[in-house]
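The values are calculated or read from the model by the stated rules, or taken from the named source; none is laboratory data. As the structure is a computational prediction, the values presented were derived from the model and not from experiment. A quick note on method: Cβ atoms are made from the backbone with ideal geometry, for glycine too, and the neighbour counts reach across all protein chains shown. For accessibility, only protein heavy atoms count, side chains too; no ligands or nucleic acids. Shrake-Rupley method; radii C 1.70, N 1.55, O 1.52, S 1.80 Å.
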Amino acid sequence: MLAALQLVLLYLGAVMPSWKLAMAALAGIINTAVLIECGAARAIICYVAVCVLSIIILPQKLLAMLYIVFFGYYPLMKSAAERATSRVLEWIVKLVVFNFACIICWAALRYGFVTGIVLPDIAIVLLWLGLNAVFVIYDLGLSKLIAFYMQRIHKKLK
């Protein structure tokens, strides 16, 4: 059911272009509930199922790429990274994973989906810094959302 909900959210992002990024993020957040309630193995199965189905079903493959490359597996990776013994190591892992996902998306956009993208070097640097700042805010917000879920919803489901 939660995989179907993720697909519905991704499809909504495809038909409402201004919500594309928000719907990909929200679909990934749903995978957090799968991880908490069912464990990592089922969360991985859910992620893979949504990846395959999103490639087949979604009219905009860019949205599927956003889910596949980052938002879908990030709750799993976040959970693993937060088990690190050091907060510094935790953030290094998170930032490396995010920046690698950005490189993949940039390459796909530049060489696959949209050709002829030309940006000045300063624009690329500012974009990269802005994306990293937004990622940190996203991660902190996701942590708050997980805490809320654990306190209010998870207890009632048990």
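At-a-glance table
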| item | result |
| --- | --- |
| Theoretical gain in end-to-end length, S79 to K156 [0.36 nm per residue, Cα-Cα removed] | 25.5 nm |
| Ordering of 11-19, 29-37 by packing [mean C-beta count within 10 Å, highest first] | 29-37, 11-19 |
| Mean ellipticity per residue at 222 nm, deg cm²/dmol - from DSSP H runs of n ≥ 4 across the chain, formula -39500 (n - 2.57) | -24500 deg cm²/dmol |
| R0 of 22 Å, Cβ-Cβ distance S18-A133: FRET efficiency to nearest 0.05 | 0.60 |
| Extended-chain gain in nm, criterion 0.36 nm per residue less alpha-carbon gap, E37 and L95 | 18.2 nm |
| Relative contact order of the chain, pairs being alpha-carbon contacts under 8 Å that are 6 or more residues apart, as % | 19 percent |
| Accessible area of the chain divided out per residue, in Å², using a probe of 1.4 angstrom | 59 Å² |
| P(r), alpha carbons of the chain - 10 Å bins starting at zero, rounded % | 10, 36, 37, 14, 2, 0 |
| Per-peptide average of other Cβ atoms within 10 Å, ordering 41-51, 140-150, 96-106 highest first | 41-51, 96-106, 140-150 |
